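Below is one structure, written out as structure tokens; the observations come after it.
The values are calculated or read from the model by the stated rules, or taken from the named source; none is laboratory data. As the structure is a computational prediction, the values presented were derived from the model and not from experiment. All Cβ positions, even for glycine, are placed from backbone atoms using ideal geometry, and neighbour counts span all protein chains on display.
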Amino acid sequence: MNCELAHERIVMAAYGELPDDAAHELEGHLAGCAGCGEELEQLRALKLLADASPMVEPSPNLVARSRMRLEEALDSLPPTRWFERVLQKIRNNAASLQAAPIAASLLLLVGAGAGSLAGYYVSQNHAARITPPTINDRGASPSQQDATLEFPAAQVANISSIVRQPEGEEVEVHYDRLVPEEVRGSLDDPKIRQLLMLAADDTEAAGVRDDSVGLLAAECRAGHSCQPTGIREALMTSLRYDRNAGVRLKALEGLQPYVSQDLRVRDAVLEALLNDSDPHIRTQAISILEPVEADTSVRQALQSVAHTDRNPAIRLVSRQALSRVSEIQ
């Protein structure tokens with residue numbers, strides 16, 4: 001066994017996925033090769049460090065965007081001819097066939113060639129049947145719009161821009177899949193809302209995120225449908241985690257109509273009051289909590305801020321809110 005083949009098998013050995021016969025052959029090579037033995041020990045140490053760290057699940061948007069970029073990169077590669085792929089398979093498998101009988105080696109090579117040839121024809125037929133999808137409500141017929149616009153959110157790579165029309169409630173959302181696309185519709189359109197919520201979660205486009213959260217918040221303030229598991233939840237996420245104070249403020253204002261009826265919204269506003277780094281947002285949170293100032297958790301938070309907060313203006317506003325509660329009681 002040479003070092004190149006040993007390097008491939010070391011990774012499988014470190015994760016316990018190497019067959020017994022191959023593992024025995026690798027052990028024989030490691031006994032006489034100090035470099036490969038050191039590489040195996042380093043890989044095992046790295047695996048131990050990785051296992052000691054908590055596993056973080058990637059977000060669905062990250063997985064979707066990664067798949068889109070991978071597919072785009074694969075599509076950009078020039079097509080290879082079938083015999084080139086056969087030769088590549090022969091080169092990749094030559095090292096592992098050194099100890100195999102001649103008949104088995106020939107059988108494996110013939111099978112690899114036949115499989116590559118079949119895969120080539122299948123891929124060619126598949127590519128001939130598929131045409132790149134486009135979305136443009138202005139130019140497509142109604143039947144084409146209905147067929148094209150039914151897409152899963154995971155196929156949206158990112159939102160590039162949002163434009164609200166001067167008159168009416170129409171919004172134009174530009175977004176990217178494999179190619180830039182756009183869709184137009186009213187703010188009540190489920191597709192538009194879905195795209196706006198995706199834009200609110202886009203950490204790489206601050207301007208688009210600001211526009212999206214502003215539109216979602218305006219919908220809630222206007223009394224339109226803002227379900228807890230939809231727009232309302234997106235606004236709470238922006239209020240808690242967005243690094244832009246302007247975006248957090250818009251999200252806070254959009255949640256105002258629900259502070260009396262939704263405990264989760266109330267808790268999110270209380271977190272903003274206690275933890276947000278922007279004094280204006282904290283002051284606005286006190287104002288939004290006014291309808292529920294008699295609530296025990298709200299009153300306790302106001303008392304804590306009134307006595308211990310470092311900002312004298314916020315301490316003053318909290319005391320004024322507590323005095324209103326005393327007058328009501």
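For the residues 184, 193, the requirement of being in contact (Cβ under 8 Å) with a residue 24 or more places away in the chain and more than 19 Å from the chain's Cα centre (by Cα) singles out 184. So for the range 256-278 (the condition being hydrophobic (A, V, I, L, M, F, W, C) and either farther than 28 Å from residue 301 by Cα or in contact (Cβ under 8 Å) with a residue 40 or more places away in the chain (or both)), does at least one residue qualify? So far as the range 256-278 goes, no, none of its residues is hydrophobic (A, V, I, L, M, F, W, C) and either farther than 28 Å from residue 301 by Cα or in contact (Cβ under 8 Å) with a residue 40 or more places away in the chain (or both). Among the residues making up the range 235-264, those that are among the basic types (Lys, Arg) and outside any loop (DSSP other than H, G, I, E, B) are 240, 248, 250, 264.
Within the range 301-314, residues that are closer than 14 Å to residue 277 by Cα sit with their Cβ atoms under 6 Å from residues that are among the small types (Gly, Ala, Ser) and in a helix (DSSP H, G or I), at 6+ positions apart or across chains, in these pairs: 305/318. Among the residues of the range 186-228, those identified as of a type outside the set (Asp, Glu), within 28 Å of residue 72 (Cα to Cα) and touching a helix residue (DSSP H, G or I) at 6+ places or on another chain (Cβ under 7 Å) are 191, 193, 194, 196, 197, 198, 199, 200, 208, 209, 212. Only strands (runs of 3 or more DSSP E) whose full extent lies in the range 156-234 are considered here, and the ones with at least 3 residues that are within 30 Å of residue 71 (Cβ to Cβ) and in contact with a His (Cβ under 8 Å, 6 or more places away or on another chain) are 158-164, 180-186. Annotation note: of 100, 95, 31, the sole residue that is at pLDDT 80 or above and over 31 Å from the mean Cα position of the chain (by Cα) is 31. Applying the set (1) within 21 Å of residue 227 (Cα to Cα); (2) of a type in the set (Gly, Ala, Ser); (3) crowded, with 17+ Cβ neighbours inside 10 Å to residue 260 leaves exactly one unmet item: (3). Restricting attention to the range 270-283, does a residue exist that is of a type outside the set (S, T, N, Q) and closer than 18 Å to residue 163 by Cα? No, the conditions are met nowhere in the range 270-283. So is residue 22 assigned by TED's automatic domain parsing to the domain that holds residue 3, closer than 16 Å to residue 4 by Cβ and at pLDDT 75 or above or not? So residue 22 fits the description; yes.
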